[in-house]
Amino acid sequence: MKKIFILLLIAILGIQQIDAQFLKNAKKLINSNNKGLTEKDAADGIKEALVNGTGESVKQVSVLNGYWGNPEIKIPFPAEAKEMESKLRAVGMGKKVDEFNESMNRAAEKAASEAKPIFITAIKEMTVRDAINIVKGADNAATMYLKNNTSPQLIEKFQPIIKTSLDNVNATRYWSDLITIYNKIPMVNKMNPNLPQYVTQKAIDGLFIMIAKEELKIRKDPMARTSELLKKVFGN
């Protein structure tokens, strides 16, 4: 009976050629320790986990202080402009630098809610084999799947919103003022990093940090498995 089930699994996945290691992994997944766990359970379970995890992560970062109040994902002064930051603070512009830093994070918080529909689309398009590999994968396998399959769409969606948000929270004005003051300091290299591009990438990086934490919670903490399906898929 078990052999028939494995053959059916291979047929359903539509795999024309399958190596011995994958067959071994498939048998391991559907064994006596995972009583009644099917390939559909694996797919539905990981999708449910991802919907829950991404929804919670977006919710956490898209509120006031979602980025600014979280040291783990707080967007810092652009790394390539660190010398600029130190020189500005040295000439008494520390308050302006801090206002600019906060405004970048406010822009990210305003844009973050746009991520949810992009994640939902990627989750819906996940194949059964993707889901099985994620269930058996590393603690951040689901996060990496989403990162690999949504990053271009997130950048495309986030960047214009970030740009508008930067204007609305005065980050653009703060940045322009800081650049103008800095470039007047004698013997410095003139600079003007692409602010919307920088904040967009940092906002997306922070979002995936939070998604990875939610994924780990579901994998490791039984209390985070809020449905019978999640308990069944991740219980072992």
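Using 26 Å as the Cα-Cα cut-off, could you pick out the over-long pairs in K96/K157; K110/K136; K110/K213; K136/K202; K124/K147?
Numbers: K96/K157 29 Å; K110/K136 35 Å; K110/K213 21 Å; K136/K202 29 Å; K124/K147 15 Å.
Pairs exceeding the cut-off: K96/K157; K110/K136; K136/K202.
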Can you give me the distance in nm between label points at E72 and E156, each placed 7 Å from the Cα along the Cα-to-Cβ direction?
3.0 nm
Quick one: what are the phi-derived ³J(HN,Hα) couplings along the stretch 40-45, Karplus 6.51/-1.76/1.60 with θ = phi - 60°, whole Hz, x for glycine and proline?
5, 4, 4, 5, 5, x
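Grab the other residues whose beta carbon is less than 14 angstrom from that of S62, score K and R as +1, D and E as -1, and report the net. Provide the component values of the computation, followed by the final result.
Working: positive: K59, R106, K110, K116, K157; negative: E56, E109, E114.
Charge balance near S62 sits at +2.
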By count of other Cβ within 10 Å, fewest leading, how are K82, K157 ordered?
K82, K157
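Sort E228, E99, E85 so that the residue with the fewest other Cβ atoms within 10 Å of its own Cβ comes first and the one with the most comes last. List each step's numbers first, then the result.
On the way: E228 10, E99 17, E85 20.
Ascending number of Cβ neighbours within 10 Å: E228, E99, E85.
Throughout, read-outs are computed from the coordinates displayed, never taken from laboratory work. Keep in mind that what you see is a predicted model, and the values were worked out from it rather than measured. FYI the Cβ positions are ideal-geometry reconstructions off the backbone, even for glycines, and counts take in every protein chain you see.
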